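What follows is a set of notes on a single structure, which appears directly below.
The values are calculated or read from the model by the stated rules, or taken from the named source; none is laboratory data. Values in this document were obtained by computation on a predicted structure and should not be read as measured data. Here the Cβ is made from the backbone with ideal geometry for all residues, glycine too, and neighbour counts use every protein chain on show. Heads up: the accessible areas ignore ligands, DNA and RNA and are worked out on the full protein's heavy atoms, side chains in. Shrake-Rupley method; radii C 1.70, N 1.55, O 1.52, S 1.80 Å.
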Amino acid sequence: MKILEAKNIVAGYHKSEILHGVSIHLEHKEVVTIIGPNGAGKSTLLKALMGYINIFDGKVIWKGEDITHLKPYQKVKKGFGYVPQLGNVFPSLSVLENLQMGGFTQGKDTIKERMGRVFELFPILKQKLSAKAGTLSGGQRQMLGMARALMTDPELLLLDEPSAGLSPKASEEVFMTIADMHGRLEKSIIIIEQDAYQSLSISDRCYVLVMGKNEFEDEAQNILSNPKIKEAYLGG
Amino acid sequence: MTLIQVIVNSIIRASELALLALGLTIVYDILKFANFAHTELAMVGAYIAFIFNVGLGLPIAVAAIIAAIATGLFSILIDRAVFKKMRESTGIIVMVTSMGVGIALRNTVRAIWGPDAQNYAVPLQKPIVTAWFRITPLQVWIIVIGVLAMVAFYLLLHYTTLGKAMRATSDDPALAQASGIATEKIITYVWFIAISFASLGGVLIGMETYIQPVMGFAIIIPVFCAAIMGGIGNPYGAMLGALALGLAENFGLYINFGKVLNLGGLLPFSKDFYIPTGYKPAISFIILIVVLLVRPRGILGKKKEG
């Protein structure tokens, strides 16, 4: 069952067009990776889906409802969770306060219950509740960013380069956690990633974007075993 | 004047300034522009209290509360009509616009009530006299209200969802939205809180002295100085800055500079030289310049983390 459809998205910043008619879809409980060279419009696509930038043309359909022009906080209420590449935590707030803000739309009891679940996935956060988020390591911030997004129990998670700037070990931990989130919490996930090998290994399908357009689409395993695509987009 | 009297006067001044500087700094923190209409809105609040106190005969405390609410709501209207349309503009453009808004407010009040000073209907106060200092009941109230406002603001920021959402919006408005926070709603609350505090500050200053259309313009430098000295964008900095400025202004008038300047008779300066009271505002100017030169981010200047 398709839960998200982005049809012919034309979008960009102010008046400059970055995406020239990109289409993607996502099935229920599916993990999809979007790859492509720098400037392909991957992050722009996530921002457009989330409602941060203007969609000049095209539609975003969420479970049959047109949500193209909803604002980000309205999309959170619909079931979207978003973890940006940079600025994924509130640095001056404590870890606890970050999680509380993640559950801003939820009641107190729900926040308590969700925190319990989040600590099962991210036990390190429980030990750092009173620490300012700005003092955490890159990997811990990424964990906190994902934990914050999970506080609303979203059906869909949009992850923008979750391993960016992380050490190989931290990156591996992050992808293990993403796989865990998908497995245990049954989330549908869209990942934008430079380290496409790790991302594809936990994905069902993959889209390749080039210059703001769809270039290619296939099962993740097929892409990993396709030498031409590997050479072109995964560095051989 | 005793040293303790100077300290008491400083605390009174700090309490008034803190109410104004706090609002200025939180608007800056969330909306990233220096609102030059801030003290003019305090003046508007002082005049709204005047309507209810002198015009309708209500007690000044009731008039001050009504004025704080009315001015807070009025600031939301101004935001919707002017500043909201400029959210994507740079700070300097919005700042200049706020100057325009301030001038418009000042001249509108002048057109309605005239340029002359007016007084609230407050009975004459018998001062409380001790061996070390004297203080009027009104001044005691100014300190109490100032301290209560600071405590209330601290509790708001750290123990309420709204306060945490305000801090989250200040940290990263885009991420706040991704957390389901309607940042425009938060901005509305920020305007209301900031300008209600400012209005209260304006009424307290008016009660101690008088109200006049230029009163907002007259206090703009001390208020900016307190906010910048503490570290603009940091509410606790605004409180600290107000206290530091209050002390500096009052000690500036208390110190005998003659003794400092003549170096024990080595230089031809009079033995007694005090800064005349009329030059009190100059102290804020000098402090502002020194702070901007030596430590532009202020005492508790917000270091951007992450």
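Pairing the Cα long axis of helix B:215-230 with the longest principal axis of chain B, what angle in degrees results, from 0 to 90 and rounded to the nearest 10?
90
Quick one: if the Förster radius is 22 Å, what FRET efficiency do B:K85 and A:Q74 give, using the C-beta to C-beta distance and rounding to 0.05?
0.55
Restricting attention to the stretch A:2-102, which trypsin sites (Lys or Arg not before Pro) occupy a DSSP loop and are surrounded by at most 10 other Cβ atoms within 10 Å?
A:K15
Computing the accessible area with a 1.4 Å probe over protein heavy atoms, can you report the carbon and sulfur percentage for chain A?
Percent of accessible area from carbon and sulfur atoms in chain A: 49.
With the other protein chains left in place, how much accessible area per residue, in square angstrom, belongs to the stretch B:114-218 at a 1.4 angstrom probe?
Averaged over the residues of the stretch B:114-218, the accessible area is 45 Å².
By how many degrees, 0 to 90 and rounded to 10, does the Cα axis of helix B:38-50 deviate from the longest principal axis of chain B?
It works out to around 80 degrees.
Take the alpha-carbon centre of the stretch B:107-136, take the same for the stretch B:189-222, and report the distance between them in whole Å.
So the separation of the two Cα centres works out to 13 Å.
Past 18 Å, Cα to Cα, is the threshold; run A:K15/A:K77; A:K42/A:K213; A:K63/A:K187; A:K2/A:K47; A:K2/A:K187; A:K108/B:K164 against it and keep the listed order.
In this structure, A:K15/A:K77; A:K2/A:K47 exceed 18 Å between Cα atoms.
Find me the longest stretch of chain B that has none of the exposed GluC sites (Glu not before Pro), where exposed means in a DSSP loop (not H, G, I, E or B) with at most 15 other Cβ atoms within 10 Å.
Longest stretch, sites excluded: B:89-304.
Which aspartates and glutamates, if any, have their Cα less than 18 Å from the Cα of A:K169, not counting same-chain residues under 8 positions apart?
A:E161, A:D180, A:E193, A:D195
With equal scatterers on the alpha carbons only and no solvent term, can you work out the Debye log10 of I(q)/I(0) for the stretch B:173-306 at 0.13, 0.14, 0.18 1/Å?
The computed values of log10 I(q)/I(0) come out as -0.74, -0.82, -1.12.
How about the stretch B:131-226: which chymotrypsin sites (Phe, Trp or Tyr not before Pro) there are in a DSSP loop, with at most 15 other Cβ atoms within 10 Å of their Cβ?
B:W132, B:Y210
If you roll a 1.4 angstrom probe over the protein chains with everything in place, what fraction of the accessible area of the stretch B:1-144 belongs to carbon and sulfur, to the nearest %? Each step should come with its number before you reach the end.
Details: 4840 of 6750 Å².
It is 72 percent, rounded to a whole number.
Go through A:96-102, A:160-166, B:108-114 and give me the packing order, highest mean Cβ count within 10 Å leading.
A:96-102, A:160-166, B:108-114
Could you report the buried accessible area between B and A, both sides summed, computed with a 1.4 Å probe and given in Å² to the nearest 100?
Working: alone 15180 and 11120 Å², together 24310 Å².
Its buried surface, counting both partners, is about 2000 Å².
Could you give the accessible area per residue of the stretch A:104-159, probe 1.4 Å, as a whole number in Å²?
44
How much net charge surrounds B:Y254 when only the other residues with a Cβ under 15 Å from the Cβ of B:Y254 are counted, with Lys and Arg +1 and Asp and Glu -1?
Within the 15 Å Cβ shell, the charges total +1.
Please report the Cα spread of the stretch A:50-90 along all three principal axes, rounded to whole Å, starting with the longest.
So the three principal-axis extents are 32, 22, 13 Å.
Starting from the Cα-Cα distance between A:E186 and A:S167, subtract it from 0.36 nm times their residue separation and give me the gain in nm to one decimal.
4.1 nm
Measuring from centroid to centroid over Cα atoms, what is the spacing of the stretch A:199-214 and the stretch A:5-40 in Å?
Comparing the Cα centres of the stretch A:199-214 and the stretch A:5-40, I get a distance of 10 Å.
Checking the a/c ratio against 1.5 first, then a/b against b/c, what shape does the Cα gyration tensor give for the stretch B:52-146?
On the way: a/c = 2.48, a/b = 1.95, b/c = 1.27.
Prolate shape, in that a/c is at least 1.5 and a/b is the bigger ratio.
With the other protein chains left in place, how much accessible area per residue, in square angstrom, belongs to the stretch B:3-88 at a 1.4 angstrom probe?
Details: 2980 Å² over 86 residues.
Accessible area per residue: 35 Å².
Please provide three numbers in whole Å: the alpha-carbon extents of the protein assembly as shown along the principal axes, with the largest listed first.
91, 55, 44
Strictly greater than 33 Å: what percent of every Cα pair in chain B meets that?
Here the tail beyond 33 Å accounts for 25 percent of pairs.
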